[in-house]
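The structure under discussion appears below in the form of structure tokens.
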């Protein structure tokens with residue numbers, strides 16, 4: 001496969017999947033080239049109601065304008081399921097504080113408890129925390145989550161076709177209770193003489209990420225030793241593949257490192273990330289790719305600070321423990337002790 005010299009993210013139109021055989025084949029070929037090499041793209045033709053998007057952005061802005069006490073009433077440290085509000089500097093990427101505030105929202109499900117005899121993934125399931133001062137956020141956020149989930153499933157099935165598989169090869173992993181996470185994020189501006197880490201360089205852990213950006217740029221994608229800016233493009237989402245697809249394809253598709261830099265002082269940046277994953281109790285299969293694709297498999301990324309696990313719940317829990325040390329210490333100290341003991345062996 002010829003390697004492109006990427007200087008910007010391409011725009012792909014998912015409506016071409018239903019535009020007839022020729023358009024469908026051309027779209028899948030473009031998707032294969034893009035995801036094998038770059039792993040990021042803008043998605044047009046997604047069909048999500050622009051009015052719903054506007055409502056969510058408006059309510060997100062209103063949430064961050066609430067008094068601090070109203071936001072801290074749902075602070076994440078109160079949730080063993082890593083849900084709720086995180087103040088600026090309280091989430092970490094590769095050990096360094098991120099300059100952003102956010103609210104984490106998952107699927108609304110019953111908590112399974114913190115029984116040490118249960119698999120660790122059970123601790124990720126549970127209810128969200130919602131701001132009493134902005135009750136309308138719940139309905140709009142969950143409606144958007146449903147729309148994003150449906151789009152994510154379309155994308156995962158398209159990725160299956162890209163890998164030369166039946167489009168439903170992954171369905172059993174997400175048909176019931178897929179793990180979902182939304183992050184409504186605000187990056188406050190700060191002086192350029194200060195650290196520019198909005199969120200540090202990292203990969204995403206699920207199948208696919210759907211990112212909604214407002215108007216201020218800040219996202220950057222790593223490619224061939226450089227950083228490609230990914231400013232907002234009206235009417236599109238930014239899409240990137242996650243670690244589960246890297247695992248399933250043995251590196252034919254690779255999760256791509258990306259970061260967000262802080263905006264200039266006097267401004268801020270609003271974005272909403274939707275992260276779609278498999279069931280927490282699932283394990284990711286290693287697919288047998290067609291020979292023409294198998295010869296381009298690159299194996300898994302080798303990163304001592306970010307080991308990859310085929311067990312979905314384990315793969316997701318490791319990132320949560322690392323990113324939110326206050327939640328980990330309060331609710332999951334036993335897991336931290338186990339991790340430390342394993343590292344000493």
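Every number in this text was worked out from the coordinates using simple rules, so none of it is lab data. These figures come from a predicted structure and were not determined experimentally. Reconstructed Cβ throughout: ideal geometry from the backbone, glycine too, with neighbour counts over all protein chains shown.
For Cα pairs less than 8 Å apart in space and 6+ apart in sequence, what is the mean separation divided by the residue count of the range 1-100, i.e. the relative contact order in percent?
Contact order relative to length: 18 percent.
Which residue fluctuates the most in the chain, going by a Gaussian network model with Cα springs under 10 Å, if the choices are 152, 229, 172?
So, out of 152, 229, 172, the one fluctuating most is 172.
Taking neighbour counts of Cβ atoms within 10 Å as a proxy for exposure, in what order, fewest first, do 276, 27 appear?
27, 276
Post the alpha-carbon centroid distance, the range 283-334 to the range 110-167, in whole angstrom.
The two parts, judged by their Cα centres, are 17 Å apart.
I need the calculated FRET efficiency for the pair residue 69 and residue 333, taking r as the beta carbon distance and R₀ as 22 Å, to the nearest 0.05.
Efficiency computed from Cβ-Cβ geometry: 0.20.
Using just the helices of the chain, give the 222 nm mean residue ellipticity in deg cm²/dmol: DSSP H runs with n ≥ 4 each add -39,500 (n - 2.57), and the total is spread over all residues, rounded to 500.
-9500 deg cm²/dmol
Is the shape of the range 190-345 best called rounded, prolate or oblate, per the rule: a/c under 1.5 gives rounded, else a/b larger than b/c gives prolate, else oblate, with a ≥ b ≥ c the square roots of the Cα gyration tensor eigenvalues?
Because a/c hits 1.5 or more and a/b fails to exceed b/c, the range 190-345 counts as oblate.
Which whole-number percent is the relative contact order of the range 218-345 (Cα, under 8 Å, 6+ apart)?
About 23 percent, as a whole number.
With the cut-off at 1.5 for a/c, could you classify the range 20-59 from its C-alpha gyration tensor as rounded, prolate or oblate?
It is oblate, given that a/c is not under 1.5 and a/b is not larger than b/c.
Which of 76, 317 comes first, and how do the rest follow, when ranked by fewest Cβ neighbours within 10 Å?
Ranked by crowding around the Cβ, least crowded first: 76, 317.
State, as an integer percentage, the relative contact order of the chain based on alpha-carbon contacts under 8 Å between residues 6 or more apart.
Normalised by residue count, the contact order of the chain is 20 percent.
What is the calculated FRET efficiency for residue 294 to residue 26, with r their C-beta to C-beta distance and R₀ = 25 Å, to the nearest 0.05?
With R0 = 25 Å, the Cβ-Cβ based efficiency is 0.60.
Give the Cα extents of the chain along the principal axes, in whole Å, largest first.
Result, largest extent first: 56, 48, 40 Å.
Rank 71, 96, 183 by mean-square fluctuation in a GNM of the chain with C-alpha springs under 10 angstrom and give only the top-ranked residue.
96
First check a/c for the range 114-272, with a ≥ b ≥ c the square roots of the eigenvalues of its C-alpha gyration tensor; if it is under 1.5, answer rounded, and if not, answer prolate when a/b is larger than b/c or oblate otherwise.
Verdict is oblate for the range 114-272.
Anyone know which of 266, 89, 251 comes out most mobile in the 10 Å Cα GNM of the chain?
Its mean-square fluctuation being the largest, the pick is 266.
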